[in-house]
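Inspection log for the structure reproduced underneath, given as structure tokens.
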Amino acid sequence: MSKPLFGVYGASGFGREVMPLAREWLLSQDISLDRLVFIDDGMDTSQAINGHAVLKYAAFLAQDASERMVCIAIANSKIREKIAAQLSVDHVLDWSIKANNCVVMDDFQIGHGALLSPFVTMTSNIRIGKYFHANIYSYVAHDCVIGDYVTFAPSVHCNGNIIIEDHAYIGTGAILKQGTPDKPLVIGRGAVVGMGAVVTKNVAAGETVVGNPAKPLIKP
Ligand code: UDP
């Protein structure tokens, strides 16, 4: 009888960071680790990576399996969205993974396909959309509303009463100033916050901001 097959999509940097979390989950369910593979369309598939076979997506679909579950461990949100659409067409199930040491406090709702890395903290009354990534040591504080395909690099400090729209990318160590219930701080759709930026004002959709206090990036 065929068995479920599990995939971590992306075998580059983030994928190799997510794989140990995926492995831990399979072990907790008494599922053999040979049912867990990397999926990567651009990598050499002749050699295993960190003990797991690497398959191109077509090869993953061709494996014998009762069902397929995949997490998309690729930081680029547009690629994530494209792959998510394809997985849906192919009836591959979303797989959310949360490190065991994440802290989640009160009234926390998150969409499918999320990846929460070790030491991530979510406090209270938080809403997050689908395919969210929070890399190591990031936090989201009270009353934040975060859209779909949002990406947090490591150590993002997202304080209370902040709205982050779809496809925004928040760089390593960025600090987002808290808003208020009547005037939340807003990071617009597809905006990019540079690493180490201290964001004190709203960021317009599609804008890139850097520095302290964060200002729009002027390209040379
Ligand atoms: N990739 C893929 N299919 C796609 C787009 C990307 O398999 O349609 C793979 C790509 O080959 C690479 C990985 O996704 O190995 C993305 O790695 P990258 O270093 O760009 O990002 P990160 O690991 O930091 O998210």
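Looking at residue 106, is it of a type in the set (Asp, Glu) and closer than 22 Å to residue 142 by Cα?
The answer is yes for residue 106.
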- request: Could you please let me know if residue 192 is within 19 Å of residue 215 (Cβ to Cβ), buried (at least 19 other Cβ atoms within 10 Å of the Cβ), touching a Phe, Trp or Tyr at 6+ places or on another chain (Cβ under 6 Å) and at pLDDT 95 or above?
  value: yes
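From the list 40, 30, pick out the single residue that is over 23 Å from residue 166 (Cβ atoms) and out of contact with any strand residue (DSSP E or B) (no Cβ under 6 Å at 6 or more places or on another chain).
30
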field: Filter result (farther than 18 Å from residue 67 by Cβ and among the hydrophobic types (A, V, I, L, M, F, W, C)) within the stretch 4-50
entry: 11, 14, 18, 19, 21, 27, 38, 43, 48, 49
query: Just one of 97, 110, 31, 72 is within 12 Å of the ligand (Cβ to nearest atom), at pLDDT 95 or above and of a type in the set (A, V, I, L, M, F, W, C); which is it?
result: 72
message: Where the second residue is among the polar types (S, T, N, Q) and assigned to a loop (DSSP other than H, G, I, E, B) and the first is farther than 18 Å from residue 43 by Cβ and lies in the stretch 74-100, which pairs have Cβ atoms under 7 Å and are six or more apart or on separate chains?
response: 99/117
message: Considering only residues that are open to solvent by 50 Å² or more (accessible area, probe 1.4 Å) and either more than 20 Å from residue 68 (Cβ to Cβ) or in a strand (DSSP E or B) (or both), which ones fall in the stretch 96-118?
response: 98, 100, 101, 103, 104, 105, 106, 107, 109, 110
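The values are calculated or read from the model by the stated rules, or taken from the named source; none is laboratory data. Bear in mind that the values here come from a model prediction, so they are computed numbers and not experimental data. Please note: Cβ atoms are built from the backbone with ideal geometry, for glycine as well, and neighbour counts cover all protein chains shown. SASA here: full protein model, heavy atoms, side chains in, ligands and nucleic acids out. Shrake-Rupley method; radii C 1.70, N 1.55, O 1.52, S 1.80 Å.
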